[in-house]
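Comments concern the structure below.
The values are calculated or read from the model by the stated rules, or taken from the named source; none is laboratory data. Because the structure is a prediction, the values reported are computed rather than measured. Neighbour counts are summed over all protein chains in view; Cβ atoms, including those assigned to glycine, are modelled from backbone coordinates with ideal geometry. The protein model used for the area step is the full one, side chains on, heavy atoms only, and it has no ligands, DNA or RNA in it. Shrake-Rupley method; radii C 1.70, N 1.55, O 1.52, S 1.80 Å.
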Amino acid sequence: MKKRALGAALLAAALAAGTLAGCGGGAKETTAASSTTSAAETTAAEANAEETTAEAAAETTAAELKPIVVGASPAPHAEILEAAKTVMAAKGYDLQIQEYTDYVIPNQALDGGDLDANYFQHKPYLDSFNEQNGTKLVSAGVIHYEPFGIYAGKTTDLSALPDKATVLVPNDVTNEARALLLLEAQGLLKLKEGAGLEATRNEIVENPKNLDIVELEAAQIPRSLADCDIAVINGNYAIESGLKVADALATESSDSLAATTYGNVVAVREGDENREDIKALIEALTSPEVKAFMENKYEGAVVPMF
């Protein structure tokens with residue numbers, strides 16, 4: 001009996017030890033799992049906190065920037081302004097861009113005080129708008145111009161242009177004058193002294209190759225290249241037609257009469273030219289960063305004038 005009692009006692013002790021060992025192992029695993037979950041939750045919470053802090057900092061920074069609202073045509077002007085946003089932010093300004101698809105409303109909006117500046121037009125157009133509407137808008141700075149180019153039709157080399165070659169030029173006064181000035185700059189003809197930006201075929205005083213100057217609506221010229229020897233085409237129409245300014249046989253130089261006259265300006269209300277935000281805008285648009293953007297993006301179709 002004693003032996004049986006002793007065996008039972010030993011068995012009970014062994015079972016109890018096993019049970020305790022099993023409970024001990026379960027507790028360690030539970031503690032480890034809880035620890036892992038807690039660490040993951042902590043990491044996620046910290047990440048969320050950092051993200052919230054970053055967002056708050058960005059909002060605070062944006063709130064600290066002074067707004068400047070500029071109107072622009074979608075391309076290239078609004079795109080160029082977009083490239084200037086970072087530079088403006090570094091100067092303490094939030095550059096806000098409003099796009100317009102016509103040339104009247106952005107000047108009206110500027111005159112009415114809805115815009116701080118606009119960027120879409122050249123000086124002759126600005127002057128004409130002022131004269132017709134009694135406004136007092138002025139240029140705060142010239143930024144770029146979009147050059148005319150001479151493009152190949154049947155002739156691919158200006159030096160090989162034959163006598164009596166057909167040359168297409170735009171038929172409106174402003175663009176025809178630019179075209180004739182470009183042809184003159186290449187030594188292909190000579191205009192009456194002082195004809196300048198009002199020149200027409202009637203002002204041609206020397207035409208050594210007896211070129212046949214044909215006037216045509218500007219937008220139609222790219223479609224007529226196969227019917228002429230060469231054609232003078234506006235930069236915008238060239239781009240729309242898939243022509244690259246870089247492939248032109250010749251283009252207006254940055255110091256030509258047309259380029260300096262038809263450079264695209266930042267317009268402001270008279271008296272605002274020396275406002276700090278306007279000066280910052282001109283500095284941003286003429287910065288190395290924006291210049292590089294123009295040159296890389298437009299491949300010669302938009303030429304910086306600084």
Query raised in the report: Would a scan of segment 290-304 turn up a residue that is surrounded by fewer than 19 Cβ atoms within 10 Å (Cβ to Cβ), over 19 Å from Ser139 (Cβ atoms) and among the hydrophobic types (A, V, I, L, M, F, W, C)?
Result: yes
Query raised in the report: Would segment 260-267 turn up any residue that is farther than 19 Å from Gln121 by Cβ and among the small types (Gly, Ala, Ser)?
Result: no
Query raised in the report: Within the group Asp111, Asp94, which residue is more than 18 Å from the chain's Cα centre (by Cα) and modelled with pLDDT of 95 or more?
Result: Asp111
Report summary line: Checked Ala219, Ala259 against criteria (assigned to a helix (DSSP H, G or I), modelled with pLDDT under 95 and either in contact with a strand residue (DSSP E or B) (Cβ under 7 Å, 6 or more places away or on another chain) or among the acidic types (Asp, Glu) (or both)); the one match is Ala259
**Report entry** Meets criteria (at pLDDT 95 or above and open to solvent by 10 Å² or more (accessible area, probe 1.4 Å)) for Glu146
**Finding:** no
Requested in this report: State which residue is nearest to Gln220 (Cα to Cα) when the search covers only segment 162-201 and only residues that are over 31 Å from the mean Cα position of the chain (by Cα) and of a type in the set (Lys, Arg).
Outcome: Arg201
Query raised in the report: Looking at Ala231, is it in contact with a Pro (Cβ under 8 Å, 6 or more places away or on another chain), open to solvent by less than 10 Å² (accessible area, probe 1.4 Å) and outside the structural domain of Leu126 (by the TED database)?
Result: yes
Query raised in the report: Within segment 239-276, restricting attention to residues that are small (Gly, Ala, Ser) and touching a helix residue (DSSP H, G or I) at 6+ places or on another chain (Cβ under 6 Å), which residue is farthest from Pro106 (Cα to Cα)?
Result: Ser241
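Yes/no per residue for (1) out of contact with any Phe, Trp or Tyr (no Cβ under 8 Å at 6 or more places or on another chain); (2) among the hydroxyl-bearing types (Ser, Thr, Tyr); (3) surrounded by fewer than 15 Cβ atoms within 10 Å (Cβ to Cβ):
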| residue | (1), (2), (3) |
| --- | --- |
| Asp94 | yes, no, no |
| Asp102 | yes, no, yes |
| His122 | no, no, no |
| Glu131 | yes, no, yes |
| Leu137 | no, no, no |
| Thr155 | yes, yes, no |
Query - The listed residue being open to solvent by 10 Å² or more (accessible area, probe 1.4 Å), outside any loop (DSSP other than H, G, I, E, B) and under 18 Å from Gln96 (Cα atoms), out of Ile278, Ile282, Ile239 - result: Ile282
Query raised in the report: Which pairs do you get when a residue that is assigned by the TED database to the domain that holds Asn118, found in segment 247-265, comes within reach of a residue that is assigned to a strand (DSSP E or B) and among the polar types (S, T, N, Q), reach meaning Cβ atoms under 7 angstrom, with the pair 6+ apart or on two chains?
Result: Asn264/Gln121; Val265/Gln121; Val265/Ser139
**Report entry** Inter-residue pairs, beta-carbon under 6 Å, first closer than 30 Å to Pro288 by Cα and in segment 128-152, second among the acidic types (Asp, Glu), 6+ apart
**Finding:** Val138/Glu270; Ala140/Glu273; Pro147/Glu252; Phe148/Glu252
Query raised in the report: Of (1) in a strand (DSSP E or B); (2) in contact with an Asp or Glu (Cβ under 8 Å, 6 or more places away or on another chain); (3) over 19 Å from Lys123 (Cα atoms); (4) open to solvent by less than 70 Å² (accessible area, probe 1.4 Å), Gly71 satisfies all except one. Which?
Result: (3)
